[in-house]
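Structure provided below as structure tokens; questions to follow.
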Amino acid sequence: MARYPGRVYIGVVWQVDTKSQQEMDMFTSGKDIITTLKSSHWENTKNLRSIIVGYTQSTGPCYARYLAQTLHRGEDYVLQIDSHMRFRPNWDEYLIAQLHKCGSSSEKGKAVLTAYPPGYELPCGPGEDAETRGTILVPWKFGDDGILRQKGRLLRREYTHSDSFGQNHNDNIPCLLYAGGFNFFQSSLLDVCSYDRKLHGLFFGEEISMAVRLFTHGYDLFAPPESVCYHLWKRNPLRNIAIHRQNLAVEKEDAISVVREQVRGRGRGLGTIRVAEQFALQLGVNFETLTLSDGCENANLDSDAFVSSFRDNPAAISDCMDLSKENINQVMALVSQFTGH
């Protein structure tokens with residue numbers, strides 16, 4: 001639950017069957033589900049904003065996240081997450097405090113907290129013994145499409161990172177890679193490096209595109225030392241939009257080409273404060289030869305920083321869910337839990 005639920009505003013992009021009267025009733029009138037959001041501290045009519053998109057027009061996470069970012073209305077901070085996530089108590093207070101530990105990066109509004117959250121399973125959820133240790137993103141391998149894959153590695157609880165920014169109170173861990181499903185930042189970032197709405201059909205490539213763009217715009221990424229949320233990683237595909245959008249495959253190839261150019265320092269969306277070549281060098285990845293340097297899987301940390309028995313979650317995780325009435329109620333219940341009610 002949030003420490004200050006009244007300060008939390010949620011923007012949701014619903015991707016549904018707009019030809020189904022049942023689904024449209026659920027998402028436009030709130031029939032049968034709105035009771036899960038009622039609270040004396042959280043007014044859904046003011047604190048919840050949404051956009052409904054027909055699932056046949058959905059083109060992947062980049063366009064959906066772009067739409068979600070248009071729901072921003074001047075709030076100081078933005079937390080971007082995937083669907084069906086659960087949170088530890090007081091997550092909002094913790095993230096704000098951690099963001100402001102990032103030294104000059106946070107003072108300039110150029111710090112981002114990001115990581116792959118630990119998982120949970122239904123029906124019980126994370127539970128009292130849920131993992132709270134932090135994770136950090138590391139390079140994994142190149143796919144056949146020439147796009148870098150990444151994964152999260154679990155950090156030992158007793159690991160303490162030496163503050164490279166010269167401020168001993170900063171226990172966040174510098175990283176270079178970006179998690180689309182969990183990132184927290186000051187909202188001024190949206191004016192500098194918002195999502196590219198034209199990267200249609202792109203799944204692998206979304207995160208490395210944002211990572212190199214943020215780097216070249218002068219943003220510093222950090223993994224918080226503790227996990228504050230949990231993601232339902234289990235794949236449960238719902239609908240195949242490719243059969244409804246025949247040119248999506250072409251759009252996907254175009255998007256992949258854009259990302260390939262970005263990591264080589266060319267193309268749209270890049271900044272001028274730092275260069276992509278520096279990003280690749282620090283990451284330990286050669287985007288020309290599609291090779292990884294020895295040790296890059298440690299993210300510039302000591303090898304003993306990690307839990308050796310950790311089974312890394314690959315990036316190839318889907319966020320689809322059955323849109324039955326029962327599961328719609330569950331989604332709305334999770335939205336309610338996000339604010340603490």
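FYI, it's all coordinate maths here, none of it is from the lab. Not measured: the values here are computed from a predicted model. Methodologically, a virtual Cβ is constructed for each residue, glycine included, from the backbone with ideal geometry; neighbour enumeration extends over all protein chains shown.
Using modelled backbone amide H atoms (1.01 Å from N, in-plane), which distant-in-sequence or interchain residues come within less than 5 Å of ALA223's amide H?
THR114, ILE173, CYS175
May I ask you to list the GluC sites (Glu not before Pro) in the range 108-162 that are in a DSSP loop and have at most 10 other Cβ atoms within 10 Å of their Cβ?
On the way: sites: GLU121, GLU128, GLU131, GLU158; in loops: GLU121, GLU128, GLU131, GLU158.
Listed in order of number, the matching sites are GLU128, GLU158.
Taking θ as phi - 60°, what are the ³J(HN,Hα) couplings along the range 147-158 by the Karplus curve (6.51, -1.76, 1.60), each to the nearest whole Hz, with x for Gly and Pro?
Using θ = phi - 60°, the values come out as 9, 5, 9, 9, 8, x, 10, 7, 9, 5, 4, 7 Hz.
A follow-up question, please. Relative to the present Cα-Cα distance, how much length would full extension add between ARG88 and SER293 at 0.36 nm per residue of separation? Mind dumping the intermediate values first?
Values: separation 205, 0.36 × 205 = 73.80 nm, distance 3.61 nm.
My answer for the length gained is 70.2 nm.
In the structure displayed, which of LYS151/LYS234; LYS101/LYS198; LYS46/LYS101; LYS151/LYS252 lie more than 25 Å apart, Cα to Cα?
Working: LYS151/LYS234 16 Å; LYS101/LYS198 34 Å; LYS46/LYS101 31 Å; LYS151/LYS252 22 Å.
The pairs that break the limit, which is 25 Å between Cα atoms, are LYS101/LYS198; LYS46/LYS101.
Can you run phi through the Karplus equation (6.51, -1.76, 1.60; θ = phi - 60°) for the range 288-300 and list ³J(HN,Hα) in whole Hz, with x for Gly and Pro?
In residue order, the calculated couplings are 7, 8, 6, 10, 10, 7, 4, x, 5, 6, 9, 6, 6 Hz.
List every residue whose amide H lies under 5 Å from the amide H of TYR77, counting only residues 5 or more places away in sequence or on a different chain, with H placed 1.01 Å from N in the peptide plane.
SER187
Averaged over every viewing direction, what's the projected area of the C-alpha convex hull for the range 110-228? Give it in nm², one decimal, please. Numbers along the way, then the final one.
Details: hull surface 38.2 nm².
Mean orientational projected area (the range 110-228, Cα hull): 9.5 nm².
Which of the chymotrypsin sites (Phe, Trp or Tyr not before Pro) across the range 65-113 are loop residues per DSSP, with 16 or fewer other Cβ within 10 Å?
Details: sites: TYR66, TYR77, PHE87, TRP91, TYR94; in loops: none.
Passing sites in the range 65-113 do not exist.
Once phi is turned into ³J(HN,Hα) by the Karplus curve 6.51 cos²θ - 1.76 cosθ + 1.60 with θ = phi - 60°, what whole-Hz value does each residue of the range 47-56 show in order, with x for glycine and proline?
Karplus values, whole Hz, x for Gly and Pro: 9, 10, 10, 8, 10, 9, 10, x, 4, 6.
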